[in-house]
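As structure tokens, the structure follows; a few thoughts come after it.
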Amino acid sequence: MIASTALRNAARVGSKRSMSTAAAPKQHKAKDMWSTLEKTRPPPGHAHTVFEPPYSTPVVAGMVIGVLSTGYGMMYFGMRHQQYKQGYWK
């Protein structure tokens, strides 16, 4: 019993990895990648916006109303379900 415990503990100590003497991993630096990033940018003077107009007003209005209605409907029906489930509404 004592011999098997001693062997098991010796195996555990021997199986632990020692600290590496190699250099730490290189950290990403923006200055190292600046030339690559600069090539992907639009030319100077170009107003680069995320969403570039023109937009169709009826389409945008429909999408906004649809998103708000869907959100309100989900919250309302979730609350309604809980009220019936918990017996507050019958």
For the residue pair Tyr55 and Tyr84, what label-to-label distance in nm results when each label sits 7 Å from Cα along the Cα-to-beta-carbon direction? 3.7 nm
Could you work out the pair-distance distribution P(r) of the chain from its alpha-carbon pairs, with 5 angstrom bin width and percents rounded to whole numbers? 2, 8, 6, 6, 6, 6, 6, 6, 7, 7, 7, 11, 10, 6, 3, 2, 0
Estimated dipole of the chain in Debye, rounded to 20 [Cβ of Lys and Arg +1, of Asp and Glu -1, Cα centre]: 700 debye
Simple SL model, points at 7 angstrom along Cα→Cβ for Ala6 and Tyr76; separation in nm is 7.9 nm
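Readers should treat all values here as calculations from the given coordinates under stated rules, not as data from a laboratory. Since the model is a prediction, treat every value here as computed from it, not as a measurement. Because the Cβ atoms are built from the backbone with ideal geometry, glycine has one as well, and the counts that use them run over all protein chains shown.
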